[in-house]
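Novice: Submitted below is the structure of interest, expressed as structure tokens.
Bear in mind these aren't lab numbers, they're just calculated from the coordinates by the rules spelled out. The structure displayed is predicted, hence computed values, not measured ones. Positions of Cβ are generated from backbone atoms using ideal geometry, with glycine treated the same way; all protein chains shown enter the neighbour counts.
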There are 2 protein chains.
Amino acid sequence: MKQNELKNQDGLTESEFLQQYDPSSYQRPSVTVDMLIFTVTDEERANYRKLSEKTLKLLLIKRGDHPDMGQWALPGGFVRFKESVEEAALRELREETNIDQVYMEQLYTWGDVNRDPRTRVISCSYMALVDRGSLNVQAGDDAVDAGWFGVEYEVVQEQRQLIADGLRREKLVKITLSHETVQLSALVKLVEIREGRVCKVEREILESRGIGFDHAKIIEYAIERLRNKLEYTDIVFNLMPEAFTLSELQQVYEVILGRPLLAAAFRRKIAPMVEETKRFTKNAGHRPSRFYRFNPLWLSREQE
Amino acid sequence: MKQNELKNQDGLTESEFLQQYDPSSYQRPSVTVDMLIFTVTDEERANYRKLSEKTLKLLLIKRGDHPDMGQWALPGGFVRFKESVEEAALRELREETNIDQVYMEQLYTWGDVNRDPRTRVISCSYMALVDRGSLNVQAGDDAVDAGWFGVEYEVVQEQRQLIADGLRREKLVKITLSHETVQLSALVKLVEIREGRVCKVEREILESRGIGFDHAKIIEYAIERLRNKLEYTDIVFNLMPEAFTLSELQQVYEVILGRPLLAAAFRRKIAPMVEETKRFTKNAGHRPSRFYRFNPLWLSREQE
DNA sequence: TCAATAGTGTCTATTAGACAGTATACC
DNA sequence: GGTATACTGTCTAATAGACACTATTGA
């Protein structure tokens with residue numbers, strides 16, 4: 001940015017203006033990042049020839065200090081004055097997972113006034129997708145414990161209602177998070193009101209068992225985004241190892257979308273995104289499956 | 001949030017902890033909102049029987065003080081300590097356009113360290129779509145002038161390049177903004193690097209003529225989002241008056257997407273989103289066109 | 001009558017869903 | 001041989017692109 005020689009109403013040039021500018025003259029909110037770190041894991045096989053099932057997992061930290069001490073929350077922390085928001089997110093990611101070569105994207109910024117009892121906190125959420133193989137988790141510094149929670153997302157109620165000059169849609173989503181013996185859950189209400197031309201979506205936490213702050217809302221949002229992007233981008237491959245079978249890939253889609261897919265159609269759709277390898281699975285108790293890898297020449301449409 | 005009777009490492013309960021918590025102990029960034037307020041206007045008709053052309057317009061404010069005094073920038077301002085980020089956006093919108101019943105959505109939060117020479121500023125951008133009819137613009141308080149700028153978006157170069165273990169895509173976008181005799185322009189470079197599983201998109205401003213701060217980048221991002229959402233949601237109707245013809249609607253699509261559409265396919269696709277009225281255009285110099293209105297029963301897929 | 005737009009019909013290509021049918025390992 | 005998965009073929013339905021064709025007005 002070039003310096004500006006114009007003088008403002010007080011007769012100051014840009015550099016004079018900046019010299020007298022006092023940033024401490026009003027109260028500022030704090031800014032944090034919240035990380036939604038997802039991965040997919042294999043569960044135990046029920047029997048030697050069955051495929052192992054996949055589970056979508058989310059990393060949570062047990063809060064070791066106030067506020068919401070003892071509850072589980074998204075990893076995250078304050079954005080430092082001299083780092084960008086993205087750098088803060090990468091730093092948190094590294095602190096929690098010990099890796100930094102991962103896919104990460106910004107989700108949404110949560111700006112309500114009373115999100116945190118300490119002070120006014122605006123939080124910018126990021127979603128990271130990591131492949132289980134490259135992972136070696138450790139608890140963050142201010143956390144008693146960290147855990148990968150299995151994620152379940154269920155729409156328990158859906159309503160549509162005509163109102164004056166528009167429509168109101170309501171959806172109740174139950175989110176269940178489980179890790180060893182710990183089970184957390186939340187009920188999030190999504191309301192979409194359309195009145196005339198105004199359309200507004202609001203999220204409200206009706207119940208939050210063991211999940212700190214307003215993080216249930218953020219988790220709900222992230223799962224929706226993940227599901228949507230799964231369908232029109234190639235982000236899945238961030239959850240996969242270097243080589244994978246198409247059945248595994250399909251399982252990952254199914255566990256994230258929460259519904260079964262037809263193999264034939266799935267393979268057709270996925271075909272241009274992957275390339276064959278010469279390797280096959282072994283000792284499966286059934287027909288071996290070919291390994292594929294991501295085809296980087298695949299052209300995704302521009303995102304977002 | 002319930003108070004917590006647990007004691008932390010210092011032996012404090014939650015309420016004791018909050019009492020001794022000092023939020024002023026470290027330096028904080030400022031948070032602002034930047035508003036991308038779009039509308040579509042009719043240009044003069046070239047001849048009595050031609051249709052008038054549509055133009056996509058964006059509201060910009062001429063900066064009346066440092067920094068970037070004299071340049072044009074997105075309307076916006078600081079988020080106050082006791083208002084939510086969304087409230088701040090609505091407030092700015094009201095200050096600029098004098099209306100508050102409009103469509104608005106959060107776009108992205110820009111968190112680089114040196115975005116603003118005054119101090120560290122994190123900016124949360126919002127897009128608002130308004131219909132020209134309900135509009136009566138006035139300049140904001142700290143602005144010398146406000147103007148609706150015609151928006152042109154042109155991809156001037158596109159490159160794909162194989163790199164070790166991945167792909168690099170580069171796109172140069174030229175944005176031109178014009179209002180009366182003022183013409184602003186910017187060249188934004190978009191780089192998408194895909195190395196192994198890591199995928200990153202970065203935006204860089206190569207040239208910015210008359211556009212303040214890093215706003216050219218934000219404008220580029222907003223236009224991309226607007227284009228994408230046009231295709232899979234019903235946001236167009238926020239840019240339309242209560243009643244409109246399908247040709248007008250198609251024109252709006254065309255001017256935003258920057259390419260012509262085939263009428264037959266367009267009508268088929270749009271059909272379930274609109275409902276007929278009994279009114280027709282008059283004195284057009286050609287066959288009259290039926291007016292339609294938005295059908296609020298149309299079910300958009302869940303957004304984002 | 002004709003310029004200019006409004007609106008429809010239909011052929012084709014592509015894609016998603018459904019499901020049957022074949023292939024192949026390992027116990 | 002039987003089980004469980006891998007993978008293909010094909011019918012159908014839905015949708016998008018292309019383009020020709022008909023309809024309707026005001027000057």
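Novice: Taking only complete DSSP H runs, can you tell me which helices of chain B stretch 15 Å or more along their own long axis by Cα positions and average at least -0.5 on the Kyte-Doolittle scale? Before the final figure, lay out the partial values.
Specialist: Values: long enough: B:85-97 (18 Å, -0.91); B:215-232 (26 Å, -0.66); B:246-257 (16 Å, 0.68).
Membrane-span-like by this criterion, though nothing is claimed about a membrane: B:246-257.
Novice: Under the definition of partner shielding as Cβ atoms of other protein chains within 10 Å of a residue Cβ, what is the mean value for peptide A:97-105? Can you show the working numbers first?
Specialist: Details: counts 0, 0, 0, 1, 4, 3, 5, 3, 3.
Whole-number average of other-chain Cβ neighbours for A:97-105 is 2.
Novice: If you don't mind, another one. Within the set A:K200/B:K269; A:K57/B:K217; B:K54/B:K282; A:K7/B:K57; A:K174/B:K269; A:K217/B:K217, which residue pairs have Cα atoms separated by over 26 Å? Intermediate results must be reported in sequence, preceding the final value.
Specialist: Values: A:K200/B:K269 24 Å; A:K57/B:K217 34 Å; B:K54/B:K282 19 Å; A:K7/B:K57 30 Å; A:K174/B:K269 34 Å; A:K217/B:K217 29 Å.
Distance filter (> 26 Å) returns A:K57/B:K217; A:K7/B:K57; A:K174/B:K269; A:K217/B:K217.
Novice: Shape of segment B:154-274 from its Cα gyration tensor (a ≥ b ≥ c, root eigenvalues): rounded if a/c is under 1.5, otherwise prolate when a/b > b/c, or oblate?
Specialist: oblate
Novice: Within segment A:146-223, which GluC sites (Glu not before Pro) sit in a loop by DSSP and count at most 15 neighbouring Cβ atoms inside 10 Å? Mind showing how you got there, number by number?
Specialist: Details: sites: A:E152, A:E154, A:E158, A:E170, A:E180, A:E192, A:E195, A:E202, A:E204, A:E207, A:E220; in loops: A:E180.
Qualifying residues, ordered by number: A:E180.
Novice: If amide hydrogens are placed 1.01 Å from N in the peptide plane, which non-local residues have theirs closer than 5 Å to the one on A:D34?
Specialist: A:C124, A:S125, A:Y126
Novice: Cα centroids of segment A:185-203 and segment A:89-117: how far apart, whole angstrom?
Specialist: Segment A:185-203 and segment A:89-117 have Cα centres spaced 25 Å from each other.
Novice: Which whole number gives the average count of other chain Cβ atoms within 10 Å of the Cβ atoms across peptide B:82-90?
Specialist: Working: counts 4, 5, 9, 7, 5, 3, 1, 1, 0.
Going residue by residue through B:82-90 and averaging, the value is 4.
Novice: Turning to a different aspect of this structure: Which whole-number percent is the relative contact order of segment B:189-304 (Cα, under 8 Å, 6+ apart)?
Specialist: Details: 104 pairs, mean separation 23.6, N = 116.
Computed over segment B:189-304, the figure is 20 percent.
Novice: Then there is this: In terms of the Cα gyration tensor, with a ≥ b ≥ c the square roots of its eigenvalues, is the protein assembly as shown rounded because a/c is under 1.5, prolate because a/b exceeds b/c, or oblate? Please list the in-between numbers first.
Specialist: Values: a/c = 1.60, a/b = 1.20, b/c = 1.33.
Oblate is the answer for the protein assembly as shown, as a/c is 1.5 or above yet b/c matches or exceeds a/b.
Novice: Going from the alpha-carbon gyration tensor of chain A, what semi-axes, largest first and in whole Å, does one get by taking the root of 5 times each eigenvalue?
Specialist: Numbers: eigenvalues 304, 125, 105 Å².
Taking √(5λ) for each eigenvalue gives 39, 25, 23 Å, largest first.
Novice: Further, regarding this structure: Taking a ≥ b ≥ c as the square roots of the eigenvalues of the Cα gyration tensor of segment A:40-85, is the shape rounded (a/c under 1.5), prolate (a/b larger than b/c) or oblate? Present the calculation step by step, with values, prior to reporting the outcome.
Specialist: Details: a/c = 7.04, a/b = 2.28, b/c = 3.09.
Taking the square roots of the gyration eigenvalues as a ≥ b ≥ c, segment A:40-85 is oblate.
Novice: For A:N295, place a label point 7 Å from Cα along the Cα-to-Cβ direction in every copy; what are the distances to the other copies, in nm, shortest first?
Specialist: Its label point is 3.8 nm from the equivalent points in the other copies.
Novice: Quickly estimate the mean residue ellipticity at 222 nm for chain A, helices only: each DSSP H run with n ≥ 4 gives -39500 (n - 2.57), and the total goes over all residues, rounded to 500.
Specialist: Numbers: 5 runs with 58 residues, N = 304.
Counting only the DSSP helices, I get -6000 deg cm²/dmol.
Novice: Let me ask you something else. Counting trypsin sites (Lys or Arg not before Pro) as exposed when in a DSSP loop with at most 12 other beta carbons within 10 Å, what is the longest stretch of chain A free of them? Could the numbers behind the result be given before it?
Specialist: Numbers: sites that count: A:K2, A:R45, A:R49, A:K50, A:K82, A:K282, A:R301.
For trypsin sites (Lys or Arg not before Pro) (loop position, at most 12 other Cβ atoms within 10 Å), the longest site-free span of chain A is A:83-281.
Novice: Turning to a different aspect of this structure: When we measure straight from the Cα of B:K171, which aspartates and glutamates land under 13 angstrom away, once same-chain ones fewer than 8 places off are left out?
Specialist: List returned: A:E302, B:E154, B:E158, B:E192, B:E202, B:E204, B:E220, B:E224.
Novice: With N residues in segment A:181-228, what two-decimal value do you get for its Cα radius of gyration over 2.2 N^0.38 Å? Don't skip to the end; give the middle numbers.
Specialist: Working: Rg = 13.1 Å, N = 48, 2.2 N^0.38 = 9.6 Å.
In units of the globular-protein estimate, segment A:181-228 measures up at 1.37.
Novice: Counting partner chain Cβ atoms within 10 Å of every residue's Cβ in A:114-125, what's the average? Write out the running numbers ahead of the final one.
Specialist: Values: counts 2, 2, 1, 8, 5, 7, 9, 1, 8, 0, 6, 1.
For this peptide, the per-residue mean of nearby foreign Cβ atoms is 4.
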